[in-house]
Each structure stands twice: as structure tokens, then as C-alpha cells.
Amino acid sequence: MDFKGQDILSTEQFSKEDILRICDVARTFEAISEKRQTSELLKGNVMASLFYEPSTRTRFSFETAMKRLGGQTITAVGQDYSSLAKGESLWDTAKMVEAYADVIVVRHPTEGSAAEMARGANVPVLNGGDGPGQHPTQALLDMYTLMKEKGKIDGLTIMMSGDLKYGRTVHSLCMLLRHFDVKIIFSSPEELKMPTNYLDDLRGRGVAFEEVLTLEEGLKKSDVVYATRVQGERFEDKEQYERLKLAFVLSRDLLEKNHSGITVMHPLPRVGEIAVDVDGLPGAAYFRQAANGVQVRMALLALVLGKV
Ligand code: CP
């Protein structure tokens, strides 16, 4: 893919070569993200970060990435303080923001919203999470983290646990993992299973997967467990959410009994599905994973702005 000027909307748009290219570029920014070097690569460029849903990691890591590469940011947080609250459309909003910024990052609760903004804007639009849809930049930093933690992706068995129905990060990650020689184990309550369209896609591409109903069964067979939060904000039935929110909890005791050396990932935030006593295990990679977001987002910004 020629990245210059591209929108980043979905993991479906990437080939294996694209994923490896993004990770290679991200690696070159490691020293800058760790403040051992400075850069003015994106000097003179402005990034608009439009976060119409809550975020800590995605917004701050994009803004940090832009600033550490010498660029500047403008930010909208929440719909109440933008003209969306007056009824302005996403298309018009995008058309306006392109006049102020060279690249737009958007998070919005509606699936397809980033694509709608991309239709309106003549500058690259990067999807920072569109409701239950996709979170492509998270999936790219997850791939980067797998490579960094495990030294490879081919040959890994990766277990995804928790809310596989509403969790957009696992949907996006599957769409990247399908390019590699991996096995995926899905472990979730019956009501939160991986949607069949994703399973059909994996099956059609010959990706090995299995579904298990307990954490114990999957942990024993996996190199990595990728846990997810039960997405309370997507449930219509709040009683169902209360019943399921802590159905799949990774505790230190469970990990030590079933696979003590396993690598534990999570897109964060966690709200109880990984006990805090797991943090001290060498395989607890989730805070390192979140930190990797800066260099991966540096790579994406530099690529779509045509600077590498
Ligand atoms: N992982 C992730 O998207 O975190 P935030 O919601 O804090 O951005």
C-alpha cells in the first residue's frame, strides 16, 4: 500500500506487507518515544483529535506521538462541546476540520462514523474506534507488541478472552492475525462469543481456531492470552451486563496453576478482569503494550503524511 494520504479505517485494508512495514517504521521511532532522541519530522503539521467517546490511551498516545515528532495538535473531547451538539453532520465536521488540520483522528460511538468523516475530508482520517466496529490502530500496536514480546507471530497460539461479541479490539486483531500462521482460541461466556462473520472469515482463510468455554482449558494451550473488558456501554440489558462483567477473571492463582509463563495482554482499561496481583508476573505485558501505542501511532502519522 502507498500510505501517503491514506485513511486508516479498518484492519481489513492491510496486507501482511503493510503490517510488517508499519511495525518496521514503529521500531525506528523507539528512541524518540522513549525520549532518548528528539525529532522535528512532522514540524509544521497539525493533527485534529476528535474524541466523541471516552479515551485515555488512544487520544494521549496519538497526541504524544504527534508532539514528539515536532507536530501540533488541536483537540475536541465529547460531543457537547462541538457543533455536533447543534446537529452538524459528521461529513460537514470533517469538511471543516480539514481546513484546520493535516490529519484527523476520530473516536465516535457509531460504527461507520470514521468512514463517514473520511468521505467528507480531503486529509487522512484515522479511526480511533468507531463504536462496536473497528479499532485498527489498537490492533496494529497489538501486533507490534506480540512481535516485541514473543520475537515472532508465526507459530503462536493466541487466546482471546472476555467480551468477544462487543470487543472491537479482538475483531480488529483477528483481521490482522489471519495473515499469519497462528492458532486462535476464543474463550468467553456463551452470550459473548465471537460473532459468526469473523469466525466464517477465519475459516474461509484457513486460520486454525477453536472455541472453549473456560479460561483454564485455553490457558494451558496458549502462548499469549489477550483479555478484554466486558463492554458495559454496549449492553441494552444492564442486568445481563452485571451478571457477565466478572465472569472471566484472570487471577495470579489461575495463571500460575494453568500456565505460569504465559504472556498476558489487554487493550485496557481493565475493570476487574485482570486481578492486580497479575501485574507483578513477568508475562504481564499490558502496560508495555499500551506504551507501544506511541511509536506505532508515530509510524502511522509519519506514513500517512508522507514523511517516511
Ligand atoms: N485501548 C484503548 O482504546 O484505550 P482507551 O479507550 O483509553 O483509548
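The values are calculated or read from the model by the stated rules, or taken from the named source; none is laboratory data. Keep in mind it's a predicted model, so treat the numbers as computed, not measured. Methodologically, a virtual Cβ is constructed for each residue, glycine included, from the backbone with ideal geometry; neighbour enumeration extends over all protein chains shown. Side chains included, ligands, DNA and RNA excluded: accessible areas come from the protein's heavy atoms. Shrake-Rupley method; radii C 1.70, N 1.55, O 1.52, S 1.80 Å.
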Legend entry - Selected residue (only one of Val207, Val230 is more than 16 Å from the ligand (Cβ to nearest atom), surrounded by 14 or more Cβ atoms within 10 Å (Cβ to Cβ) and of a type in the set (A, V, I, L, M)): Val207
Legend entry - Qualifying positions in region 154-212 - in contact with a Ser or Thr (Cβ under 8 Å, 6 or more places away or on another chain), within 23 Å of Thr110 (Cα to Cα) and aliphatic (A, V, I, L, M): Leu164, Val170, Leu173, Met175, Leu176, Met194
Inset, instruction - State yes or no: is Lys16 of a type in the set (Lys, Arg), in contact with a Lys or Arg (Cβ under 9 Å, 6 or more places away or on another chain) and either open to solvent by less than 70 Å² (accessible area, probe 1.4 Å) or at positive phi (or both)? - result: no
Legend entry - Yes/no for Leu268 being open to solvent by 20 Å² or more (accessible area, probe 1.4 Å) and within 19 Å of the chain's Cα centre (by Cα): yes
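Conditions (1) within 15 Å of the ligand (Cβ to nearest atom); (2) exposed (fewer than 14 other Cβ atoms within 10 Å of the Cβ); (3) under 29 Å from Phe180 (Cβ atoms); (4) over 16 Å from the mean Cα position of the chain (by Cα), marked per residue:
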position: Phe29; (1), (2), (3), (4): no, no, yes, yes
position: Ile32; (1), (2), (3), (4): no, no, yes, yes
position: Arg36; (1), (2), (3), (4): no, yes, no, yes
position: Lys43; (1), (2), (3), (4): no, yes, no, yes
position: Phe51; (1), (2), (3), (4): yes, no, no, no
position: Gly70; (1), (2), (3), (4): no, no, no, yes
position: Thr93; (1), (2), (3), (4): no, no, no, yes
position: Ala101; (1), (2), (3), (4): no, no, no, yes
position: Pro124; (1), (2), (3), (4): no, no, yes, yes
Inset, instruction - Return only the number of the condition from (1) away from the ligand (no atom under 12 Å from the Cβ); (2) surrounded by 17 or more Cβ atoms within 10 Å (Cβ to Cβ) that Pro136 does not satisfy. - result: (1)
Inset, instruction - Would you check if there is a residue in region 230-249 being in contact with a Ser or Thr (Cβ under 8 Å, 6 or more places away or on another chain) and in contact (Cβ under 8 Å) with a residue 60 or more places away in the chain? - result: yes
Legend entry - Number of positions in region 161-181 that are outside any loop (DSSP other than H, G, I, E, B), farther than 12 Å from Gln138 by Cα and open to solvent by 10 Å² or more (accessible area, probe 1.4 Å): 0
Inset, instruction - Only residues in region 269-288 that are more than 18 Å from Lys257 (Cβ to Cβ) count as the first member; pair them with residues that are among the acidic types (Asp, Glu), Cβ under 6 angstrom, at least 6 apart or cross-chain, and list the lot. - result: Ala285/Glu149
